[in-house]
Each structure stands twice: as structure tokens, then as C-alpha cells.
Amino acid sequence: MKGLILAAGRGTRLGDAAGGLPKGLLPVGGRTVLDRQLEALSAAGIRDVCLATGYRHDLFEAAYGDRLAYRRNEDHAESNNIVSFLRARDWCDDDVLCLYADVLLAPELLVRLVRTGGAFRLAGDRDAIAEGHTLLRDARGRVTAVGPSIPSARATARFVGAAAYTRAGLDRLFPRVEAAIREGERSAYYTAAVQRGIDEGETVTLADVTGLAWMEIDSPEDLARARASW
């Protein structure tokens, strides 16, 4: 299994707190967010990692050099991570664990995600529901909807920005990514293509990570909390 980290965004909601750095290079407890993600991926047995970059690609390459592979989203200012995900298509020739670059995760969370079965697996936390990356699951643990349009009052879990796909699953997912972009969804999260799969009958499994440590860094307040607790 390989690791893909979607790291093209500028993180505008952080404002001056980011100091011009992309989220993945923000220092938290003496290490960058990306350092911590690489450590968690390694704990899950994943050492072959690609960054889908955009904003300040030069800083990532200067920091990590040839330790990592890179795919660049030159249109990062005008698109969302659905385009970054597609840019890495040629690199995804194996099962892939995909992370958002602004998420701190306990290594155990990724281990649980890897060990969960299924061609499409989304990590979800039932105790952290909030507007944004919400999802719905049924009684059998299958995800029936995912995306920011799901009201938190209806959601059954929050997508934590970590997912895993088999190679066969990716072969079905990427054409849906292309279709979504072609139909005007360049500003969507790549999970819009996962939703297309659900609508077409794909089984998407919830990897329930409730109780395991993780947090998204999306605001100055988030960054302050991360630095206080990680």
C-alpha cells in the first residue's frame, strides 16, 4: 500500500497564523504536521508516499527532497483537492491510503483504517460531528452519503480526512473524478467522486475511529489547540 497526501491548498482560513507556510509544514510540538503524518503512515506499514502539492511546492521539496514523490496541481488557487487527487493518478498503481494534509492523526487510527476491509474505506468519528466533512452510515456500517452538504443534525459521523482504496477501487474511482471535473466540480472535494460511486452502487465501508486521537487544523484556534495538546 502507498500513501497519498493532498497538500496543494494555501490554508487561507489560518491567515497570519500560518506565516505563509502550507498547512503540512506548520510546526506542532517541534515537528511539522507532515512529519507526524509520515510517522503515522510508517506505523501502518506505508513508506512509499506521494505529496500532491500546489501552494509553495518549493518548500515541500526543499524540506523532504527525494524522500517523497511529488505531483503538482498548478491550478490549486482555482480548484479543490479533487484536481490534486487526479494529478496523482499515474502514481496510484497499488492500494492507496489518502490523507488530507491538515490533519493530525494517532498512528493507531491509520492502522485501523488499513485493517478495515473493503475497496472503499472512509475513516469516521461518531463523536466529532460538525458542519463540513460529514457522512451518513447505515446499520451495517456502510457509508450511504459523504460531503459538506450533509447537515450535522443528520450526520452519523465526521469524515476525518483519511481514506483507503484498493487498486481495483481506484480504477473505478478515477473515472468518476474525471467526470465530476468535466461537469464543473473543480472546486469540490474528491469525495464528490466517492459519492458518485455510492450513487452507482459501490459499497463504501466506514472505518470507525471514534475514540482515537485526531484533529483538523483549519483555523488559528485549531493551530493553537494542536500546539497545546500534541
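The values are calculated or read from the model by the stated rules, or taken from the named source; none is laboratory data. Owing to the predicted nature of the structure, the values given are computational and were not obtained by experimental measurement. Using ideal geometry, Cβ is built from the backbone for each residue, glycine included, and neighbour counts are taken over all protein chains shown. Ligands, DNA and RNA are stripped out before the accessible areas are found, and what is left, the full protein with its side chains, is counted by its heavy atoms. Shrake-Rupley method; radii C 1.70, N 1.55, O 1.52, S 1.80 Å.
Some notes on this structure:
- Measuring gaps between exposed loop sites in the chain (trypsin sites (Lys or Arg not before Pro); DSSP loop; at most 12 other Cβ atoms within 10 Å), the longest gap, sites not included, is 48-139.
- Sites matching GluC sites (Glu not before Pro) across segment 43-87 that sit in DSSP coil, with at most 13 neighbouring C-beta atoms within 10 Å: 74
- For the chain, the square roots a ≥ b ≥ c of the C-alpha gyration tensor eigenvalues yield an a/c under 1.5, which makes the shape rounded.
- Surface analysis of segment 135-203 yields an accessible area of 45 Å² per residue, using protein heavy atoms and a 1.4 Å probe.
- Residue among 65, 54, 20 with the largest mean-square fluctuation in a Gaussian network model of the chain, springs linking Cα atoms under 10 Å: 65
- Among 64, 165, 190, the largest mean-square fluctuation in a Gaussian network model of the chain (Cα springs under 10 Å) belongs to 64.
- Between 200, 178, 216, the GNM of the chain built on Cα springs shorter than 10 angstrom shows 200 fluctuating the most.
- Over 22 Å [Cα-Cα, segment 1-98], rounded percent: 25 percent
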